[in-house]
Amino acid sequence: MEQLLHHLRNLGFTEMEAKIMVELAGKGPSSGYEVAKRLGVSRSNVYSTLQRLCQQGYLHRSEGDPVRYSMLKTEELTRMIAGQMKESLSFIEN
């Protein structure tokens, strides 16, 4: 798991973002409260991070009460990140 967190941080994710992504990938759809409790961190930090990851398109957010968050499929996530990296590298080259 440490290696996975390390590689996510290398891709530009913060420590909290990486931990939440790994947690959701391992446990499946979860509320912000459940994620915060399992990680042992404040709910406010988890909820703000979940919101940011959703806005960036890395997580799905369900409707309902409670709202549940889930990871994209691995293939979707890696395709999205690869596209962003390619775009940034192309911009730098030009």
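General remarks:
- Residue list for region 66-80, filter: open to solvent by 50 Å² or more (accessible area, probe 1.4 Å) and assigned to a loop (DSSP other than H, G, I, E, B): P66, R68, K73
- Residues that are of a type in the set (G, A, S), farther than 11 Å from S70 by Cβ and exposed (fewer than 14 other Cβ atoms within 10 Å of the Cβ), drawn from region 21-43: G26, G40, S42
- Taking the criterion of being outside any helix (DSSP H, G or I) and under 14 Å from the mean Cα position of the chain (by Cα), the residues of region 33-62 that qualify are Q56, G57, Y58, L59, H60, R61.
- Taken across region 81-88, residues that are part of a helix (DSSP H, G or I), exposed (fewer than 12 other Cβ atoms within 10 Å of the Cβ) and either basic (K, R) or under 14 Å from the mean Cα position of the chain (by Cα) (or both) do occur, with at least one present.
- Within the span defined as region 58-65, one or more residues are closer than 16 Å to K19 by Cβ and surrounded by 10 or more Cβ atoms within 10 Å (Cβ to Cβ).
- Matching residues, region 30-64, being in contact with a strand residue (DSSP E or B) (Cβ under 8 Å, 6 or more places away or on another chain), over 22 Å from A82 (Cα atoms) and hydrophobic (A, V, I, L, M, F, W, C): V35
- Some residue of region 44-52 being in contact with a helix residue (DSSP H, G or I) (Cβ under 7 Å, 6 or more places away or on another chain), exposed (fewer than 15 other Cβ atoms within 10 Å of the Cβ) and at negative phi: yes
The values are calculated or read from the model by the stated rules, or taken from the named source; none is laboratory data. Values in this document were obtained by computation on a predicted structure and should not be read as measured data. For neighbour counting, all protein chains shown are included, and Cβ atoms are generated from backbone atoms with ideal geometry for every residue, glycine included. Protein only, heavy atoms only, side chains kept; ligands, DNA and RNA dropped before computing areas. Shrake-Rupley method; radii C 1.70, N 1.55, O 1.52, S 1.80 Å.
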